[in-house]
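Laboratory data are not the source of any read-out in this text; all were calculated from the coordinates shown. Keep in mind it's a predicted model, so treat the numbers as computed, not measured. Because the Cβ atoms are built from the backbone with ideal geometry, glycine has one as well, and the counts that use them run over all protein chains shown.
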Amino acid sequence: MTRPSSARQRPPRSENSLGILFGIGAYGLWGLLPIYFLILLPATAVEIVANRVLWSLLFCALLLTVLRGWTTVRTAFRNPRVLGTLTVAALLIAVNWFVYTYGVTNGHAIEASLGYFINPIVSVLLGVFVLRERLRPLQWAAVGMGFVAVVVLAVGYGNVPWIALALAFSFGFYGFVKKRVGPSVDAVSSLSIETAVLTPIAAAVMIWLTLSGGATLLTEGTGHFWIMAASGIITAVPLIFFGAAARRLPLTSIGMLQYLAPVLQFILALTVFGEEMPIERWIGFGLVWVGLALLTVDMIRTVRKNARPRRPELAGAAA
């Protein structure tokens, strides 16, 4: 007997749809991160990053216990190549975190968003100079647009946009280094090892700040303490969402979603932080956006070309 339509169960959500939701969650949370830093004031960038490392390690330890992932971590620690690679990755992401936090908390949120806008262009440059890859015409055009944009923005800012360039190159090299690890270490284990490597430095920084009277963790009230402690969750959750999205989505979809974070950061810088956007910056950002559009078109064309089935060879006339 056929069940009435109202009683029928909805079909399970497709893997692609779940991947899109996870991707939006990851890049959306990363895009809203400046609000979190604003709430943490008067904490400095140094203290925020140090706490981010310490609380992330604690949260990752809980996750590894729940997910029974300690075996992967122990295996990685016993492998000098993997441990050395993740140590370099840890130092790069620490630089990235500090520069980004410093930029947001010191009136440079627009320039910080620029860093993540030009990151794909920097990744293309790394492919040329590090991996000796050959660029396609649209990729060359995008690189040219990026170079001109940096010149225009340097004129607009009155100096080279060091914050944006430091963010783009640190994150670009971070992605390059992480690829050398490959699939041998999952996202949670990788973050756990990276934060473990940084923990002695972060702990020393917090001790120094406390002794010098510069720490706010215990001086700004209970609410401030727990908001600071939440940095572990705020760091790990988007990464987990990103890993779930990457397993379900093709590269083109991930490439399109990655622009959500800097777009949100840019909007927040204009509307919440009230930063100025003179005409020179609009021109520079416009050039970057054109370059990103060219990269996106090139990526989509390349994926479609590679996915196109080859024509089978003609069989003989006689069957």
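Couple of notes before you dig in:
- Each of E280 and V130 was given a label point 7 Å from its Cα along the Cα-to-Cβ line. The distance between the two points is 3.1 nm.
- Under Karplus coefficients 6.51, -1.76 and 1.60, residue-wise ³J(HN,Hα) of region 212-228 in Hz, glycine/proline x: 8, x, x, 7, 10, 4, 10, 10, 10, x, 5, x, 4, 4, 6, 5, 5
- Percent of Cα pairs exceeding the 25 Å cut-off, where the set is the chain: 57
- The chain - mean residue ellipticity at 222 nm from DSSP helices (-39,500 (n - 2.57) per run, n ≥ 4, rounded to 500): -25500 deg cm²/dmol
- The rule of thumb for compact globular proteins, 2.2 N^0.38 Å, goes into the C-alpha radius of gyration of region 60-134 1.51 times.
- Radius, Kirkwood style, for region 13-73 when every pair of distinct Cα atoms is counted (Å): 14.2
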